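> Below is one structure. I have some questions about it.
The values are calculated or read from the model by the stated rules, or taken from the named source; none is laboratory data. This structure is a prediction, so every number in the text was calculated from the model and none was measured. Note: ideal-geometry Cβ built from the backbone for every residue, glycine included; neighbour counts use all protein chains shown. All accessible areas refer to the heavy atoms of the entire protein, side chains included, with ligands and DNA or RNA removed. Shrake-Rupley method; radii C 1.70, N 1.55, O 1.52, S 1.80 Å.
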Amino acid sequence: MADERLHIFGVRHHGPGSAASLVAALDELLPERVLIEGPPEGDELIRFAASKDMKPPVALLIHAANDPSLAAFYPYADYSPEWQAMRWALKHERPVAFMDLPVAHKLALAELGREEDKALEGKAEDKAGDAAAQDRLETGTGTVPETPVRGDPMGVLAELAGYDDSEAWWNALIEQSPHRPGVFTALETALTALREHCDSDPSFASSRREEDDRREAFMRLAIADALKETSGPVAIITGAWHVPALRRKVKRADDRAMLRKLPKQKVTATWVPWTDTRLAAISGYGAGVISPGWYRHLWTHWHSRPSGDAPSIRMLTAGWQSRIARLLRENGRQVDTASVIEAARLAETLASMRVLSVPGLSEMREACLATLCGGETVPLQLIEDQLVIGGEVGTIDEAVPQMPLQADLARQQKRVKLKPEGLDRELAVDLRSEAGLAKSLLLHRLTILGIPWGRIMEANHSRGTFRERWMLCWEPEFSVRLAEALIYGTTLQQASNNCAFAKARDAASLQELSQAIEQCLLAGLDQAARSAISLLQQRSSQSNDIAGLLTSVPPLANILRYGTAREIPESELRLLVLSMAEAICAGLMHSCRRLEDAPAEEMRSQLAEFGRASDLLGDEALAENWRAALSRLTEEEDVAPVLQGFAARTLYDRSALPQEVIALRVSRALSPANPPLKAGKWLDGFLTGGGQILLHDAQLLAILDGWMARQTEEAFTNMLPMLRMVFSGLDKTERRHLLDRVRQPVSAAERQPQSDAANRDAPGFEAALPMLFTILGLDETKEPAHE
């Protein structure tokens, strides 16, 4: 295309220097029309770029109308050349449009590729096929990288210029330099020669050559149409890699032939918030940049200064080092103002020594490391995450046409004053306050819809039933999941209610159904909760799966603790839980018989959880039935030894049996009549949670000591790993105290009648001490203190 009215500006998709040079070139050219590499489906949304309420990073989301999971994002930062081109055209009232291959074709092609992947790989590889198709979407339909897959063509130019990598070369030439007239012409000349070289070199063959050819054909046709429709200059903003192809003379008929019979999807487009973390190349985004946060600082303090206000290197360097100092102070590190000034000076000196117009990120990092961090590299990761990459999340103008769920979420976020952020942030909510409860309900409802904006920190529930702690982090893909959730409703409450009931209805086990009820109650979905409770009542009454009941009761018993903070159907839920608990007590014996080691261990964990849940319920009749069921386990010979020991320990802790009876059962379980391995498993169950009980019960300690003294060397060695695991629950002080207790002589009252424990003063006892030290994990060179 040799038309002199055509002006093609090759840019980096997210480059502050490219954006600044582009704005300067547009101010000089004053084109009558502007075309931008981007999805034509977004033309009607360009007008919102001029809104003061649109704050990048933002992205155009375009998804298939009948399958929102088939989607493409086109992200823009405030320093993206395309974003600045939109704003320039709107400010100067010039026609502006996107000119890339429509996403309707790209999504249809991607869907065909996904189906081909599934057909080739079979059902066993469906998941991998989906991932491959999604990879095509992410790298093919969004803003694409400017280099072929194999090799780095820009690296050729960088090497010729004396740079080790293309990133450093491009930053020094474009992003960190003041605008130079003629820079786009020079780049076009270099890239034309480079692309000719790459096209003739097989090592640079692109796996997306066919896709690039289709895109460039469509863009050439769009450019030709624009030149026909206007008499003045036309500005084209595209990725630098495409410039030579758009200049190439190709017959319109050939371009049309390449695009003929392409499949097409019906699509929907809107603006959605984006994040710095997803602009970063480390996220996997093909056109991502290494340092979004640094580029924003560079744009704000160097490239986009107000008219007449000359850019200041000192403002750039001191501003960045001041932000680092503030971050370090917020994280407990002392940084004085003098160090900030020294860091700025050092960064400028390094730039001067390296013949750079302004300090780059490398100079800033080295200066910071030497002055603000005192040579320590540990703080650099914090600086990288918080400042170099950044955690900004964009905002969308309320006038932007949005999906119903997206609009409802925006209203809810504003109401509860929760702003999406791209970095992890901890949130503590008090469920007794209206604001805290509203935040909790919103986050739980989003979780039900598969949008984990917040992850609840279960480990902190012990702080009280009226508090929750969340870790929040917003991901751009949540907008796609909101679109997918439209099948359940148009508001968050309606959609989460219907989705929760669907999960309960389709639950494959009692445990899954119980978890669905818990989610409903935590999300304040009364209707779905009542329906799910009825389902569980029906299924549990027809089930003899005691293991399933055991895993179902704890979460429901736990949720009853929220009865004074949330409106829940407490009476129905309590009746259900108690009936399930009674069924467990009645059928427990049968489920614990003849279990192998692994199932017995799993059953022990389930019984422990159920025991804690039954305590939460506070029902005396249930407590009595639970004690009776445990007592039967201790007496039944077919029950796994570890479960017998666990049952005896639980009864001991609940004072359900006299100490003499428990001592008798321990003595019987550890008697010579039982094989050592069986006795060891019983002991493992009895000492569940650690051996602290032995520190307070001299009679049980004497029984255990006598049993250990009777073992042969072979039996003792075989049981040693298990014994070490049993006593691993004791801390170092407790272990020394236990050893001290063992050294002391046993009184006649403490010694079991049938015990033949060795005399502590006998030489044999001293000989056994090294092994005892090994079991307890102590240093035998350090004698325990005696009173």
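> In the stretch 419-428, what residues are modelled with pLDDT of 90 or more and open to solvent by less than 40 Å² (accessible area, probe 1.4 Å)?
The answer is L427, and nothing else.
> I've got another one for you. I'd like the full set of residues that are over 23 Å from D100 (Cα atoms), out of contact with any Asp or Glu (no Cβ under 6 Å at 6 or more places or on another chain) and either in contact (Cβ under 8 Å) with a residue 60 or more places away in the chain or open to solvent by less than 10 Å² (accessible area, probe 1.4 Å) (or both), limited to the stretch 39-57.
Across the stretch 39-57, the qualifying residue is only K55.
> Residues being of a type in the set (S, T, Y), buried (at least 22 other Cβ atoms within 10 Å of the Cβ) and assigned to a loop (DSSP other than H, G, I, E, B): count how many of those fall in the stretch 344-374.
The total comes to 0.
> Give the residue that is nearest to E210 (Cα to Cα), with candidates limited to residues of the stretch 259-281 that are assigned to a helix (DSSP H, G or I) and in contact with a Leu (Cβ under 9 Å, 6 or more places away or on another chain).
So the residue we want is L259.
> Also, quick follow-up: Can you tell me how many residues in the stretch 521-532 are in a helix (DSSP H, G or I) and open to solvent by 10 Å² or more (accessible area, probe 1.4 Å)?
Applying the first criterion (in a helix (DSSP H, G or I)) to the stretch 521-532 yields 521-522, 526-532.
Going one step further and asking which of them are open to solvent by 10 Å² or more (accessible area, probe 1.4 Å), we end up with 522, 526-527, 530-531.
Summing the residues that are in a helix (DSSP H, G or I) and open to solvent by 10 Å² or more (accessible area, probe 1.4 Å) in the stretch 521-532 gives 5.
> Let me ask something else. Checking L472 against (1) touching a Leu at 6+ places or on another chain (Cβ under 6 Å); (2) open to solvent by 50 Å² or more (accessible area, probe 1.4 Å); (3) of a type in the set (A, V, I, L, M): exactly one of these is not met. Which one?
Every listed condition holds for L472 apart from (2).
> Limited to the stretch 326-369, what total is found for residues that are over 23 Å from S177 (Cα atoms), in contact (Cβ under 8 Å) with a residue 12 or more places away in the chain and under 29 Å from the mean Cα position of the chain (by Cα)?
Total satisfying the criteria: 4.
> Now for a separate question. Can you report the number of residues in the stretch 540-549 which are touching a helix residue (DSSP H, G or I) at 6+ places or on another chain (Cβ under 6 Å) and more than 15 Å from L576 (Cβ to Cβ)?
So the count comes out to 1.
> Here is a follow-up. Quick test for you: out of K266, K261, K228, K249, pick the one residue that is at positive phi and open to solvent by 20 Å² or more (accessible area, probe 1.4 Å).
Among K266, K261, K228, K249, only K261 is at positive phi and open to solvent by 20 Å² or more (accessible area, probe 1.4 Å).
> Failed condition for E660, given (1) touching a helix residue (DSSP H, G or I) at 6+ places or on another chain (Cβ under 7 Å); (2) at pLDDT below 85; (3) open to solvent by 20 Å² or more (accessible area, probe 1.4 Å), with all others met?
With respect to (1) touching a helix residue (DSSP H, G or I) at 6+ places or on another chain (Cβ under 7 Å); (2) at pLDDT below 85; (3) open to solvent by 20 Å² or more (accessible area, probe 1.4 Å), E660 is out only on (1).
> If you don't mind, there's one more thing I want to ask. Those residues that are among the β-branched types (V, I, T) and either outside the structural domain of D684 (by TED's automatic domain parsing) or modelled with pLDDT under 75 (or both), I need them from the stretch 699-741; list them, please. Even if it seems obvious, please write down each step before you answer.
To start, the set of residues in the stretch 699-741 that are among the β-branched types (V, I, T) comprises 703, 712, 717, 726, 733.
The answer is I703, V726.
> A further question follows. Identify the residue in the stretch 382-418 that is part of a loop (DSSP other than H, G, I, E, B) and among the acidic types (D, E) and, among all such residues, is most open to solvent (accessible area, probe 1.4 Å).
E398
> Which residue, of E484, E421, E426, E475, is closer than 28 Å to P57 by Cβ, in a helix (DSSP H, G or I) and not small (G, A, S)? Don't jump to the end; show me each part of the working.
Working: E421 fails: in a helix (DSSP H, G or I); E426 fails: in a helix (DSSP H, G or I); E475 fails: in a helix (DSSP H, G or I).
After applying the criteria, what remains is E484.
> Would you say R256 is modelled with pLDDT of 90 or more, buried (at least 21 other Cβ atoms within 10 Å of the Cβ), assigned to a helix (DSSP H, G or I) and on the phi < 0 side of the Ramachandran plot?
no
> Let me ask something additional. Pick out the one residue from V666, V642 that is in a helix (DSSP H, G or I), surrounded by 18 or more Cβ atoms within 10 Å (Cβ to Cβ), of a type outside the set (S, T, Y) and assigned by TED's automatic domain parsing to the domain that holds L694.
Result: V666 is the single residue among V666, V642 that is in a helix (DSSP H, G or I), surrounded by 18 or more Cβ atoms within 10 Å (Cβ to Cβ), of a type outside the set (S, T, Y) and assigned by TED's automatic domain parsing to the domain that holds L694.
> A follow-up question, please. Which of the residues spanning the stretch 717-738 are crowded, with 18+ Cβ neighbours inside 10 Å and hydroxyl-bearing (S, T, Y)?
The answer is none; no residue qualifies.
For every residue, the table says whether it meets (1) open to solvent by less than 30 Å² (accessible area, probe 1.4 Å); (2) in contact with a His (Cβ under 6 Å, 6 or more places away or on another chain); (3) more than 24 Å from P68 (Cβ to Cβ); (4) modelled with pLDDT under 90.
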site	(1), (2), (3), (4)
L486	no, no, no, yes
A495	yes, no, no, no
A504	yes, no, no, no
Q515	no, no, yes, yes
A547	no, no, yes, yes
L556	yes, no, yes, yes
R561	no, no, yes, yes
R574	no, no, yes, yes
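> Here's something else I'd like to know. Just for the stretch 683-698: of the residues that are among the aliphatic types (A, V, I, L, M) and either assigned to a helix (DSSP H, G or I) or surrounded by fewer than 20 Cβ atoms within 10 Å (Cβ to Cβ) (or both), which one is modelled with the highest pLDDT?
L683
> Continuing with the same structure: Condition test on D152, is it more than 19 Å from P16 (Cβ to Cβ), within 41 Å of the chain's Cα centre (by Cα) and either among the small types (G, A, S) or at pLDDT 80 or above (or both)?
It is false that D152 is more than 19 Å from P16 (Cβ to Cβ), within 41 Å of the chain's Cα centre (by Cα) and either among the small types (G, A, S) or at pLDDT 80 or above (or both).
> Could you tell me whether the stretch 552-569 includes any residue that is over 35 Å from the mean Cα position of the chain (by Cα), assigned to a helix (DSSP H, G or I) and of a type in the set (S, T, Y)?
no
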